[in-house]
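Input: a single structure, listed below in structure tokens.
A short reminder: the numbers here are calculations on the coordinates, not readings from a lab. Because the structure is a prediction, the values reported are computed rather than measured. Cβ sites come from the backbone with ideal geometry, for glycine too, and all protein chains shown count toward neighbours.
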Amino acid sequence: MDPRLIELYVQRGRLRERIASQRGDMAHLLAPVGSALQTVDRGRLLWRQASAWMAAHPALVTATVVAVVVWRPRAVWRLARGAYGVWQNWSRLKAWSEGLRAGPPAAR
């Protein structure tokens, strides 16, 4: 067999070993990210299930909202103000992050 071909096979084997080692390192380093993404996925699943339940029971949801508004209007007002504040902060954060992604003004 050609010595050059043997050397290529040996080099290929070393590269494969290095790739396998790097994959193991990446899996170890990204484990916390995987658990965080699992938590997000669970939250999204719960949100979808709650949305589906509310769509299936609109009368019950409406009655609950009306009852809360009638019995605790101050609490509803506080919640609405808080939700509006969260929405404003989210909008600002989103605009800021889009500005970062666009790069510096000279690069555009």
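Legend: P(r) of the chain from all alpha carbon pair distances, 5 Å bins from 0, whole percents, reading 2, 9, 6, 7, 12, 11, 10, 9, 7, 7, 5, 4, 3, 3, 2, 2, 1, 0. What you get for the range 58-108, charging only the Cβ of Lys and Arg (+1) and of Asp and Glu (-1), is a dipole of about 140 debye around the Cα centre.
Using only the Cα atoms of the range 58-108, build the gyration tensor, take square roots of its eigenvalues as a ≥ b ≥ c, and label the shape rounded, prolate or oblate: rounded if a/c is under 1.5, else prolate if a/b is larger than b/c, else oblate. Prolate is the answer for the range 58-108, as a/c is 1.5 or above and a/b outweighs b/c.
Taking the Cα atoms only, what angle lies between the long axis of helix 58-71 and the longest principal axis of the chain, rounded to 10 degrees? Roughly 60 degrees, rounded to the nearest 10.
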